[in-house]
Amino acid sequence: MHEYADVIVIGAGTTGTSAAWHLARAGASVRLLDKGAIASGSSGASPGIVRAYYADPALSHLAAQGVRAYRDWQQRYPGACGYQRTGFLTGIAEHAQAAAQANVAHLQAAGAALEWLCTEQMRERVPDLYTDGLAGAVYEPDVGYCDPRLTARSFAAGASAMGAVIEEGRAVRRIVRQAGRVIGVQTDSGFIASSHVINAAGPWAAALAAECRAPLPIHATRHCVGIVEVCGADQPMPGYCDRDAGFYLRPDRPGRYVIGALSGAEGAPIDPDAFDRTFSDTQVLAYRDRAAQRLTRLLGAQPIGRRVSFFDDTPDGNPLLGPDPRVPGLMVAAGLSGHGFKFAPLFGQAIAQWVLTGEIPAAMAPFAPQRFID
């Protein structure tokens, strides 16, 4: 006798666990499957930054909803997400000033909580910030970061409490279709029948999609962050990113910083099951030195940790979220391109809405799989 669920969710990262919670809360019977453990993929290594400013206003409006979801977590969701408010500065180079200021004005008119800071105002907030070549920054006072592992586990525990069946260590081998539509999944320990399957398997989503003749343009790329600790007294500062300088940073506990790269050096495709997971102190120091060109407090900071993982990327750098028009009953929630954590609560809500009503929120239109389907 086959197992059955109203909905099968493949992948127990923050998107998959969010989907499981929203679905279970709506009364659906849910099976959440992962070949590893909860948040054992890219979610568990994410820096967990939640901010709302993007060059694309549509993404900014959506990201602002994600910020509110994390900031008001205890009023909305089970468990905890570990939210810490730090604020965030996005450094803007002189050549990008006009476009950025126009975008800020547009977002402010729509009610966004952000502002443009000139370089003098930047240094008032971060006195050791070297602003040569910058026109200013976009400042978001009410954003910060969370703990992605804690977030995923909270969603999963909440879903389980409402009846969802969560199976860690159970790998999905194939999404099964019959007469064109989804009828379930074949796992390493048997078939589970369902009329709805959510493919939230990160970089493994592409292989599952190809197997059911619905290929997706997703590939994995290696992504590393270094963690450093400064010597002596340290003044609090917001998170910071600087695309031209090629790095982003967020404060961790006092005196500690998580630093990542914003360059193409890590963009080469990898096999997510077999890639180089080493990241030496020398490499962490190279990240530190890049960031220290902007922040003098980092001079002499010592490496104390690292995280090596991957992104599941798409050609345009935006996630894939929506029903696959080629396979009725199949929803894609992958190719998150490093943005998945910011949107996880909203993606879970959108997935539940689609299962229950057949509709997807209009705000998810930029992520529709159709943009890559001939």
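The values are calculated or read from the model by the stated rules, or taken from the named source; none is laboratory data. Bear in mind the structure is a predicted one, so any value in this text is a computation, not a measurement. No Cβ is skipped: glycine too gets one built from the backbone with ideal geometry, and neighbour counts run over all protein chains shown. Just the protein is used for accessible areas: all its heavy atoms, side chains included, with ligands, DNA and RNA removed. Shrake-Rupley method; radii C 1.70, N 1.55, O 1.52, S 1.80 Å.
Between segment 176-233 and segment 110-162, what is the separation of their alpha carbon centroids in Å?
28 Å
Which of 17, 90, 357 ends up with the largest GNM mean-square fluctuation for the chain, with Cα atoms connected below 10 Å?
Largest GNM mean-square fluctuation: 357.
Using modelled backbone amide H atoms (1.01 Å from N, in-plane), which distant-in-sequence or interchain residues come within less than 5 Å of residue 174's amide H?
Here 186 satisfy the definition.
Once you place label points 7 Å from the Cα toward the Cβ at residue 108 and residue 37, how far apart are they in nm?
Each label point lies 7 Å from its Cα, and together they span 4.7 nm.
Quick check: residue separation of residue 213 and residue 362 times 0.36 nm, minus the Cα distance between them. What number comes out in nm?
50.9 nm
Can you tell me how segment 48-135 classifies by the Cα gyration tensor, rounded, prolate or oblate, using a/c under 1.5 as the rounded cut?
oblate
Angle, helix 148-161 long axis vs. longest principal axis of the chain, Cα atoms, 0 to 90°, nearest 10?
Tilt of helix 148-161: around 30 degrees.
At 7 Å along the Cα-to-beta-carbon direction for both residue 65 and residue 285, put a label point, then send me their distance in nm to one decimal.
4.7 nm
Counting Lys and Arg as +1 and Asp and Glu as -1, each charge on the Cβ, what is the dipole of segment 166-282 about the Cα centre in debye, to the nearest 20?
Roughly 640 debye for segment 166-282.
Of 314, 190, 9, which is farthest towards the positive pole of the chain's charge dipole, taken about the Cα centre with +1 and -1 on the beta-carbons of Lys, Arg and Asp, Glu respectively?
The residue sitting most towards the positive pole is 190.
Of the residues 155, 275, 347, which exhibits the maximal mean-square fluctuation in a Gaussian network model of the chain defined by a 10 Å Cα contact cut-off?
275
Quick one: among 118, 224, 241, which has the greatest mean-square fluctuation in a GNM of the chain with alpha-carbon springs under 10 angstrom?
For the chain, modelled as a Gaussian network with Cα springs under 10 Å, the answer is 118.
Suppose R0 equals 22 Å; then what is the FRET efficiency for residue 80 and residue 29 from their Cβ-Cβ distance, rounded to the nearest 0.05?
Computed FRET efficiency for residue 80 and residue 29 comes out at 0.25.
Would you work out the charge dipole size for the chain about its Cα centre, treating the Cβ of every Lys and Arg as +1 and the Cβ of every Asp and Glu as -1, and quote it to the nearest 20 debye?
Result for the chain is approximately 680 debye, rounded to the nearest 20.
Within the chain, what is the longest stretch that has no trypsin sites (Lys or Arg not before Pro) placed in a DSSP loop and near at most 13 other beta-carbon atoms within 10 Å?
Result for the longest clean stretch: 1-212.
What is the set of long-range amide H partners of residue 306 at a cut-off below 5 Å, with H atoms built 1.01 Å from backbone N?
227
Mind checking which of 97, 223, 291 is farthest towards the positive end of the chain's charge dipole, using Cβ charges of +1 (Lys, Arg) and -1 (Asp, Glu) about the Cα centre?
Highest projection toward the positive end goes to 223.
How many angstrom separate the Cα center of segment 1-72 from the Cα center of segment 274-344?
Here the two parts' Cα centres lie 16 Å apart.
Of the DSSP beta bridges with both residues in the chain, give the percent that are antiparallel, rounding to the nearest 5.
The antiparallel fraction comes to roughly 75 percent.
Mind putting together the pair-distance distribution for the chain? All Cα pairs, 20 Å bins, whole percent per bin, short to long.
Over the chain, the share of Cα pairs per 20 Å bin runs 29, 56, 14, 0 percent.
Set the Förster distance to 22 Å, then compute FRET efficiency between residue 229 and residue 130 from the Cβ-Cβ distance, nearest 0.05.
Step by step, r from the Cβ atoms, then E = 0.60.
Heavy-atom accessible area of residue 154 with all protein chains present, probe 1.4 Å, nearest 10 Å²?
About 10 Å², ignoring ligands and nucleic acids.
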